[in-house]
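Below: the structure, in structure tokens.
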Amino acid sequence: METVLAILSGILMAASVYLMLSRNLVKFLFGMILSTSSVNLLVFNNGGLTRSAAPFLTKEGTPAYTQMANSVPQALILTAIVISFALLACALVMAYRAYQELGTVDTHEMRLAEPETAKKTEATVCESKVTA
């Protein structure tokens, strides 16, 4: 089962990289979602898949069972899910606002929306770095 999850995590990461290399901003955000899901699955897989009892302690402070499930990867994944949801919500709002202002979600067309003075300044900086 761990091999299947490792392969699935790799497939999800490959799909996320493919989407993130797209010129479309919405596809980039979906790739970011897939990337976080892939990493969460990888952490879950590396934590070990055990069908043991929950990690409870007795009143004396000793473990109640000899084999217990590791709760740390589950806690890390839950935290990562919450953080990635907040990041996604913020990114979607910014992408929607950029679409309202520029009228496109194509990143190359968004770059063309920069003022001409900024382009000239970048060109002169690049030219000075090349000559130096």
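Residues in the stretch 99-108 that are surrounded by 14 or more Cβ atoms within 10 Å (Cβ to Cβ) and modelled with pLDDT of 90 or more: Tyr99 alone. Residues in the stretch 1-60 that are β-branched (Val, Ile, Thr) and surrounded by 15 or more Cβ atoms within 10 Å (Cβ to Cβ): Ile33, Thr36, Val39, Val43.
Within the stretch 11-32, the set of residues being in contact with a helix residue (DSSP H, G or I) (Cβ under 6 Å, 6 or more places away or on another chain) and assigned to a helix (DSSP H, G or I) comprises Leu12, Met13, Ala15, Ser16, Leu19, Met20, Leu25, Lys27, Phe28, Leu29, Phe30, Gly31.
The values are calculated or read from the model by the stated rules, or taken from the named source; none is laboratory data. The structure presented is a predicted model; accordingly, all values stated were derived computationally and were not measured. Because the Cβ atoms are built from the backbone with ideal geometry, glycine has one as well, and the counts that use them run over all protein chains shown.
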